[in-house]
Amino acid sequence: MELVKSLGAHWVIDYTKEDFTRKKGSYEIIFDTVGKSSFSKSKASLKKNGRYLTSTGKMMKNYFLTIWTSLMARRKFIFAMSVDKVESLNLLKKLAEAGIIKPIIDRTYPLEEMVEAHRYVEMGHKKGNVVIRVN
């Protein structure tokens with residue numbers, strides 16, 4: 001919670017203590033960055049014309065939901081994925097160097113410990129990014 005607040009969040013919900021989906025029509029935006037919610041469970045919590053954003057999940061399902069909600073629903077599903085990786089990485093590098101964004105690195109592993117790094121990420125408790133060092 002403190003990490004997210006330190007990044008500039010005005011309001012943070014501890015999903016282990018509070019089920020935000022029980023608050024009907026409460027949010028303009030729900031942004032799931034780690035795959036702990038779903039559009040189907042969250043849409044009733046969105047205000048009219050609200051947006052559900054995700055950067056995780058099943059690609060084909062996300063494409064379908066993006067198209068379907070743009071045509072049929074007041075509440076929209078938005079799936080964010082970078083198409084041009086090089087341009088996006090260069091932009092992120094510039095933003096980090098300028099101090100506009102603050103990358104959070106939880107752990108760093110050497111390439112030889114890639115399997116252990118994946119195990120750690122799959123536990124679902126990382127607080128930031130996991131970096132693999134390639135020498």
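The table below gives the values:
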{"read-out": "The range 13-56: relative contact order as a whole-number percent, Cα under 8 Å and 6+ apart", "value": "46 percent"}
{"read-out": "Label-point separation, Thr33 to Ile132 (7 Å along Cα→Cβ), nm", "value": "2.2 nm"}
{"read-out": "Over 29 Å (Cα to Cα) - which of Lys43/Lys127; Lys23/Lys126; Lys48/Lys93; Lys36/Lys85; Lys23/Lys85 fall in this group", "value": "Lys48/Lys93; Lys23/Lys85"}
{"read-out": "Proximal charge balance of Trp11 [Cβ under 13 Å; K/R count +1, D/E count -1]", "value": "-1"}
{"read-out": "Under 15 Å, Cβ to Cβ, from Ile101 - net charge with Lys/Arg +1 and Asp/Glu -1", "value": "+2"}
{"read-out": "Under-5 Å amide H pairs with Phe31, H placed in peptide plane, nonlocal only", "value": "Leu53"}
{"read-out": "Long-range amide H partners of Ile104 with built H, under 5 Å", "value": "Asn129"}
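Taken together, the values in this text are just the output of simple stated rules run on the coordinates, not laboratory data. Please read these numbers as outputs of a predicted model, since none were measured by experiment. Cβ atoms come from the backbone with ideal geometry, glycine included; neighbour counts cover every protein chain shown.
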